[in-house]
Amino acid sequence: MPALLVALIAGAAGGFLGTRLTDRPQAQLPPAATVRPDGGDLTGVSAIAAEVLPSVVLIEVRGSTGEGTGSGFVLQSDGYLLTNAHVATADVGSGRAITVVFSDGSQTDADLVGYTTDYDLAVLKVDRTGLTPLTLGDSDQVVVGDPVVAIGAPLGLQGTVTTGIVSAKNRPVTAGDANSPAFINAIQTDAAINPGNSGGPLVNAAGEVIGINSAIAQPPGTSVGGQAGSIGLGFAIPANQARHTAEQLIETGSATYPVIGVLIDTTYTGEGVQVADRAVDGQPAVTPGGPADRAGLQPGDVILAIDGRPVTQADELIVAIRAKQPGDTVVLRVRSGGAENDVRVVLAENASG
């Protein structure tokens, strides 16, 4: 993403605005309107808000050295909630405690069921039943220009609704720190997203979740650790990815991601993405017996496209692969020894962090 930094958007440890709204006892929020004051029907965004708001939550994470806030939403009626990993695992020191605040102002403690930093997703569990889950839509059907609504708790302001459109698809976003980066094949939106929106839903005109808000762009010269606000470039994890990963987290507490088994030469600046031409730190350029090896890829080969989608940067290839599932077959356009060929590769599975 040239000339832009991308930052995860949980509320920073230490709180917002000196004393945040959530530092005071939680007042019950007014219920979402079901009709207009004059008795007329709700339409458009107001109807979407009325449907979705009751299922969106504020998440507070506190520890010995600070606190953080973010958003989430009801995934299953028996108490499972979905949010971002960087919200649920905020660096707040020892004694971490997670509190979930519902739209009616009630609060309850939550347990961390599992998380993956690779996809920046986490599942929480509260001891409640009869909750109203949001519907995860088919994010593959999203097109640029679709209207969307983002709902969450930016700056601790619970129940905030912002609107916009899908401004791009398949945007390669790498966020987080160097030791545990998240690779997101993101939905880009111009809906206003700010720190604290993390983990909240991005919904379509039918009120279906098509993305989980996760990151915002920052202008050049802004430090990644700074608290930038919305500049009209927000990024959401597609719902189809979230659905699969959440299922794994609920079932096993961990998640997997697909790999092709090659090292990428990040210093390469030519067309496509180049496989390293030699081993690095003892790791072979092409994993013996791995998917790429079985498909005939060699060290130094250049990958030009995946499933007909051109790739020019390593991140583009990585997020395109991670948007798939282990066992899926992808078609790589590969240049090897001056010749170009389409190569079918069956993705293998790796443990996610």
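The values are calculated or read from the model by the stated rules, or taken from the named source; none is laboratory data. Since the structure is predicted, the reported quantities are computational estimates derived from the model, not experimental observations. Heads up, the Cβs are rebuilt from the backbone with ideal geometry, glycines too, and the neighbour counts pull from every protein chain shown. Quick note on the areas: whole protein, heavy atoms, side chains included, nothing else; ligands and nucleic acids left out. Shrake-Rupley method; radii C 1.70, N 1.55, O 1.52, S 1.80 Å.
Scanning region 342-353 for residues that are modelled with pLDDT under 95 and not small (Gly, Ala, Ser) gives Glu349, Asn350. Residues being among the charged types (D, E, K, R), surrounded by 22 or more Cβ atoms within 10 Å (Cβ to Cβ) and at pLDDT 90 or above are entirely absent from region 193-209.
Hey, which of the strands (runs of 3 or more DSSP E) in region 259-353, taking only ones fully inside, have at least 3 residues that are without any contact (Cβ under 8 Å) to a residue 40 or more places away in the chain? Step through it out loud before you land on a result.
Numbers: elements: 302-306, 329-336, 339-346, 348-351.
Of the strands (runs of 3 or more DSSP E) lying wholly inside region 259-353, those with at least 3 residues that are without any contact (Cβ under 8 Å) to a residue 40 or more places away in the chain span 302-306, 329-336, 339-346.
Among the residues of region 116-148, those that are under 16 Å from the mean Cα position of the chain (by Cα) and either of a type in the set (S, T, N, Q) or assigned to a helix (DSSP H, G or I) (or both) comprise Thr116, Thr117, Ser139, Asp140. Scanning region 89-105 for residues that are open to solvent by less than 70 Å² (accessible area, probe 1.4 Å), at pLDDT below 95 and at negative phi yields Thr89, Ala90, Val92, Ser103.
Among the residues making up region 178-192, a single one is open to solvent by 50 Å² or more (accessible area, probe 1.4 Å) and either touching a residue at least 24 places away in the same chain (Cβ under 8 Å) or acidic (Asp, Glu) (or both): Asp190. If I filter region 145-159 down to residues being open to solvent by 40 Å² or more (accessible area, probe 1.4 Å) and touching a helix residue (DSSP H, G or I) at 6+ places or on another chain (Cβ under 9 Å), which single residue comes out as farthest from Thr69 (Cα to Cα)? The extreme case among them is Pro147.
The set of residues in region 168-177 that are open to solvent by 40 Å² or more (accessible area, probe 1.4 Å) and not in a loop (DSSP other than H, G, I, E, B) comprises Lys169, Asn170, Arg171, Thr174. Can you name the condition, by its number, that Val6 falls short on among (1) at pLDDT 95 or above; (2) open to solvent by 10 Å² or more (accessible area, probe 1.4 Å); (3) of a type in the set (A, V, I, L, M); (4) part of a strand (DSSP E or B)? Of (1) at pLDDT 95 or above; (2) open to solvent by 10 Å² or more (accessible area, probe 1.4 Å); (3) of a type in the set (A, V, I, L, M); (4) part of a strand (DSSP E or B), only one is false for Val6: (1). Only a single criterion out of (1) at pLDDT below 95; (2) buried (at least 22 other Cβ atoms within 10 Å of the Cβ); (3) among the polar types (S, T, N, Q) is not satisfied by Ser71, namely (1).
For region 198-207, the condition holds for at least one residue, the condition being that it is part of a strand (DSSP E or B) and more than 13 Å from the chain's Cα centre (by Cα). The set of residues in region 108-144 being hydroxyl-bearing (Ser, Thr, Tyr) and either open to solvent by less than 40 Å² (accessible area, probe 1.4 Å) or at pLDDT below 95 (or both) consists of Thr108, Thr116, Thr117, Tyr119, Ser139.
Close contacts from region 51-80, counting a first residue that is closer than 17 Å to Gly93 by Cβ and small (Gly, Ala, Ser) and a second that is modelled with pLDDT of 95 or more and open to solvent by 40 Å² or more (accessible area, probe 1.4 Å), with Cβ to Cβ under 8 Å and a gap of 6+ residues or different chains, come to Gly63/Ala97.
Of all the numbered requirements in (1) touching a residue at least 40 places away in the same chain (Cβ under 8 Å); (2) in contact with a strand residue (DSSP E or B) (Cβ under 7 Å, 6 or more places away or on another chain); (3) buried (at least 17 other Cβ atoms within 10 Å of the Cβ), Asn240 misses one, and that requirement is (2). A search for C-beta distances below 9 Å between a residue of region 110-138 that is without any contact (Cβ under 8 Å) to a residue 24 or more places away in the chain and any residue that is in a loop (DSSP other than H, G, I, E, B) and open to solvent by 60 Å² or more (accessible area, probe 1.4 Å), counting only pairs 6+ apart in sequence or on different chains, returns Asp111/Asp127. If you scan region 50-66, which residues turn out to be open to solvent by 30 Å² or more (accessible area, probe 1.4 Å), outside any helix (DSSP H, G or I) and touching a strand residue (DSSP E or B) at 6+ places or on another chain (Cβ under 8 Å)? Once the filter is applied, which keeps residues that are open to solvent by 30 Å² or more (accessible area, probe 1.4 Å), outside any helix (DSSP H, G or I) and touching a strand residue (DSSP E or B) at 6+ places or on another chain (Cβ under 8 Å), region 50-66 yields only Arg62. Taken together, the residues in region 77-88 that are open to solvent by less than 20 Å² (accessible area, probe 1.4 Å) and among the polar types (S, T, N, Q) amount to 2. Within region 154-172, residues that are within 21 Å of Pro238 (Cβ to Cβ) sit with their Cβ atoms under 6 Å from residues that are of a type in the set (Asp, Glu) and outside any strand (DSSP E or B), at 6+ positions apart or across chains, in these pairs: Gly164/Asp190; Val166/Asp146; Ser167/Asp190; Pro172/Asp315; Pro172/Glu316.
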